[in-house]
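Asker: This is the structure, below, for whatever I ask next.
The values are calculated or read from the model by the stated rules, or taken from the named source; none is laboratory data. Fair warning: this is a prediction, and the values are worked out from it, not measured in the lab. Here the Cβ is made from the backbone with ideal geometry for all residues, glycine too, and neighbour counts use every protein chain on show.
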Amino acid sequence: MWIGVLCGLLAGAMWGLVFVVPELLGDFSALELAVGRYLAYGAMALVLLLPRLKTLLATLVPGDYAALLRHALAGNIVYYMLLATGVKYAGVAPTSLIIGMLPVVVTLMGRNDHGAAPLGRLALPLLLVGAGIACINADSFLHAGPGASSADILLGVACAAGALLCWSWYALDNARYLKRNPQFSSAQWSALYGLATGVIALFIGAGAWAWNLASAVSESPARDWQLFWTCNVLLALGASVIGNGLWNVASRRVPVTLSGQLILFETLFALLYGFLYRGHGPRVLELAAIALLVAGVTWSVRAHAGMEAPSARQPLDPDLAEGDAVAGAAHRHQS
């Protein structure tokens, strides 16, 4: 089991980088960040899928293409654009803490699918989560930089919440689609999902370049494109390939009731990287927010533990998500 816990911790360390790269690449727009990351990820998925690509494509029907389109947009491109915008305007800590509510939100949205715990049983955990969100937002407004306005912070928080809802919807829709289409294995659908995201990113990037829609800063000659591509390739490799591979090991070695709590490593590493980048530790309200959210999410996970029959597990990383939706322990699984 301890090997599984270690792999879960390392996976969280990889996934936490997703929240810091937008801070490192602040001169680039959210659209450029999403296109760069998913072009790199799509290219890696193509290499992995190439030996069986022709055979696999022959099995797809129009409904499969439609599902891949909406999942690639909601689960990857739009999600990451909202995340990057949240980091830009609200900061790493508020964005990572809000998105760290994924286990709770997906469980609530999918409660009718899974016979989840009644809402009354979740009242206190949700109250803790709400208090944590209040703390982190209060801290954001109290310590806003000289160039930051209340409108900017509100925009960042709204984008972080939008990313949370966007991916939560994706997780449930993807899970339901795969239940109706058991002919796809987890590995097959993951590879197709990555390839579809890369193709869509290619078209979006080409269109944005042709119509000059990338952003106003796209004309700036001082931007570091070498850093841009280095970060995006490393992010695609680390978060999308290695991170998910580590979670694949963890999901097979830890008890179901523990897996949901391991997801918190992603949020905690994102916070750690953000504090290191900022050059100082968490403030009082940030510490309170971290404690309240960790307690609330963990409590919610425990409230659902044992209420779902073991079945396909759902990864909470947007890059290779497949399988069943989160219920209680917010499971992740890959084949």
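Asker: What single numbered condition from (1) touching a Phe, Trp or Tyr at 6+ places or on another chain (Cβ under 8 Å); (2) surrounded by fewer than 18 Cβ atoms within 10 Å (Cβ to Cβ); (3) of a type in the set (S, T, N, Q) fails to hold for Thr95?
Answerer: So Thr95 meets the others, but not (2).
Asker: Now a separate question. Does Phe19 qualify as being farther than 17 Å from Ala239 by Cβ and aromatic (Phe, Trp, Tyr)?
Answerer: So Phe19 does not fit the description; no.
Asker: So, Glu23, is that one acidic (Asp, Glu) and within 17 Å of the chain's Cα centre (by Cα) or not?
Answerer: When the stated conditions are applied, Glu23 passes them.
Asker: Out of all the residues in segment 71-80, is one or more of a type in the set (Ser, Thr, Tyr) and at pLDDT 90 or above?
Answerer: yes
Asker: Could you pull out the residue among Ala134, Ala151 that is modelled with pLDDT of 80 or more, farther than 25 Å from Gly243 by Cβ, within 22 Å of the chain's Cα centre (by Cα) and in a helix (DSSP H, G or I)?
Answerer: Among Ala134, Ala151, only Ala134 is modelled with pLDDT of 80 or more, farther than 25 Å from Gly243 by Cβ, within 22 Å of the chain's Cα centre (by Cα) and in a helix (DSSP H, G or I).
Asker: Consider only pairs whose beta carbons are under 6 Å apart and that are at least six residues apart or on different chains; among these, list those whose first residue lies in segment 199-210 and is closer than 14 Å to Ile77 by Cα and in contact (Cβ under 8 Å) with a residue 60 or more places away in the chain and whose second residue is assigned to a helix (DSSP H, G or I) and among the hydroxyl-bearing types (Ser, Thr, Tyr).
Answerer: Ala201/Tyr38
Asker: Looking only at segment 247-287, count how many residues are closer than 13 Å to Leu9 by Cβ, modelled with pLDDT of 70 or more and under 16 Å from the mean Cα position of the chain (by Cα).
Answerer: Residues that pass the stated criteria total 9.
Asker: Another question, then. Across segment 17-58, what is the number of residues that are over 18 Å from Phe228 (Cα atoms) and surrounded by fewer than 24 Cβ atoms within 10 Å (Cβ to Cβ)?
Answerer: Final tally of qualifying residues: 13.
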